[in-house]
1. When the convex hull of the C-alpha atoms of the stretch 150-271 is computed, what volume per residue in Å³ does it have?
2. Two decimals is fine: what's Rg over Rh for the stretch 88-211, C-alpha atoms, Kirkwood radius as Rh?
3. Calculate the length of the line joining the C-alpha centroid of the stretch 111-136 to that of the stretch 175-242, in whole Å.
4. Run down the aspartates and glutamates and flag those whose C-alpha is under 13 Å from the C-alpha of Lys152, throwing out any fewer than 8 positions away in its chain.
5. Starting from the Cα gyration tensor of the stretch 10-99, take the square roots of the eigenvalues, sort them a ≥ b ≥ c, and report rounded, prolate or oblate (rounded when a/c is under 1.5, otherwise prolate if a/b is larger than b/c, else oblate).
6. How would you order 162-171, 239-248 from highest to lowest mean count of nearby Cβ atoms within 10 Å?
7. Read through the labelled values (i) 0.99; (ii) 1.08; (iii) 1.45 and report the label of the one computed as Cα Rg over 2.2 N^0.38 Å from the structure.
8. Over the heavy atoms of Phe213, what accessible area does a 1.4 Å probe trace out, to the nearest 10 Å²?
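The values are calculated or read from the model by the stated rules, or taken from the named source; none is laboratory data. Note that the coordinates shown come from a computational prediction; the quantities given were computed from them, not determined experimentally. FYI the Cβ positions are ideal-geometry reconstructions off the backbone, even for glycines, and counts take in every protein chain you see. Protein only, heavy atoms only, side chains kept; ligands, DNA and RNA dropped before computing areas. Shrake-Rupley method; radii C 1.70, N 1.55, O 1.52, S 1.80 Å.
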Amino acid sequence: MHDKPLLQVNGLRTYFRAKSPGLFSTSTVTRAVDNISFHINEGEVLSLVGESGCGKTTVGRTLTKLEAASSGEALYRGENILPMSQNRFRPLRREIQMIFQDPFASLNPRLTIEQTLAEPLFIHKLAHNRTAANLRIAEILERVGMDSSVMKRHPHEFSGGQRQRIGIARVMIVKPQLIIADEPVSALDVSIQAQVLNLMKELQQDLHISMLFISHDLGVVRHISDRVAVMYEGKIVETAGKRDLFSAPQHPYTRKLLDAIPRIPSFKKAS
């Protein structure tokens with residue numbers, strides 16, 4: 001890991017304005033992301049953790065331009081991506097990829113796995129013909145622990161864990177530099193979560209990818225993070241290395257999250 005920020009976020013705000021119904025309607029502003037700053041080094045995993053509704057998913061959606069920022073800057077390799085038009089940002093979509101929470105909703109049910117994985121290759125001009133695309137597809141499927149024989153099948157034919165592996169393959173096939181993973185294991189059975197987390201960590205380390213890992217679960221975050229940023233009501237209240245945060249949390253809200261981690265009770269053997 002290098003101590004050189006791949007992404008530097010400064011004073012990011014994402015506000016949503018909504019009008020109340022009625023003749024004399026008034027508008028209200030929700031400060032989903034309220035003046036936060038953080039950085040992600042090259043080859044590093046920064047986890048953004050907090051309760052549902054704290055704004056962490058909005059951070060990920062803003063950085064991938066699925067939501068518009070209200071103010072602030074996000075410097076990717078020194079260039080502010082927030083004011084970019086969609087056309088200007090399009091070439092960077094290969095480098096900045098997102099893994100979504102629900103693997104079934106993020107996969108087109110009408111497309112085969114072959115079609116799903118070939119599409120980004122042709123969009124980003126990483127394969128010039130179907131033969132080259134299929135070779136790359138077979139390679140990435142093997143990398144995520146699946147056989148190339150699944151290429152002709154559809155998403156509904158797979159389990160949730162398998163679908164998330166396919167979602168990871170779709171992201172990895174374009175060789176990204178930064179992955180924003182939004183609750184990527186929360187929809188999976190607990191028994192499958194560790195397998196997918198281990199796969200993500202292995203790929204991240206082998207390919208030297210930077211990652212923003214978004215989660216509500218500090219127990220999950222413990223296994224994948226280098227550093228952790230704790231978010232509460234739109235703000236980051238604490239950022240620390242994983243070891244420091246788990247051993248000596250500074251903010252009361254961080255301590256509350258740590259206290260909520262399930263612990264397996266120890267039982268004394270009967271004498």
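1. Working: hull volume 20.9 nm³, N = 122.
With only Cα atoms used, the stretch 150-271 gives 172 Å³ per residue.
2. 0.93
3. Rounded to whole Å, the Cα centres lie 27 Å apart.
4. Within the straight-line limit of under 13 Å, Lys152 reaches these aspartates and glutamates: Glu114.
5. Prolate, because a/c is 1.5 or more and a/b exceeds b/c.
6. Ranked by mean Cβ neighbours within 10 Å, highest first: 162-171, 239-248.
7. Checked against the structure: label (ii).
8. Accessible area, nearest 10 Å²: 0 Å².
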